[in-house]
Amino acid sequence: MNDDQLNTLEEKIDALIALCAAMKQENQLLRASQHNWQTERQQLLENNRQAKARLESVLSRLRSMEQSQSA
């Protein structure tokens, strides 16, 4: 191999190293983002469950009020 070929190879290797570093950083950011979305999703599901329970309680009370008025 001559010097030009070695320099070209070295540049390509440096570019690959830089690309790997950038991809590693992007991957870390994506994993953190995914974790945040999963946490938010769990919170929203829990909020939804609580809202559903409250709504069912209100509906149950309304039904019992309706039944006591018609009796």
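Values in this text are rule-based calculations from the coordinates and carry no lab data. All values reported here derive from a predicted model rather than from experimental measurement. In this analysis, Cβ positions are derived from the backbone assuming ideal geometry, glycine residues included, and neighbour counts consider all displayed protein chains.
Checked against the criteria, Met1 counts as touching a helix residue (DSSP H, G or I) at 6+ places or on another chain (Cβ under 8 Å), of a type in the set (A, V, I, L, M) and either free of Cβ contacts under 8 Å to residues at least 40 places away in the same chain or surrounded by 10 or more Cβ atoms within 10 Å (Cβ to Cβ) (or both). Looking across Ala18, Ala53, Ala22, one residue alone is under 23 Å from the mean Cα position of the chain (by Cα) and free of Cβ contacts under 8 Å to residues at least 12 places away in the same chain. It is Ala22.
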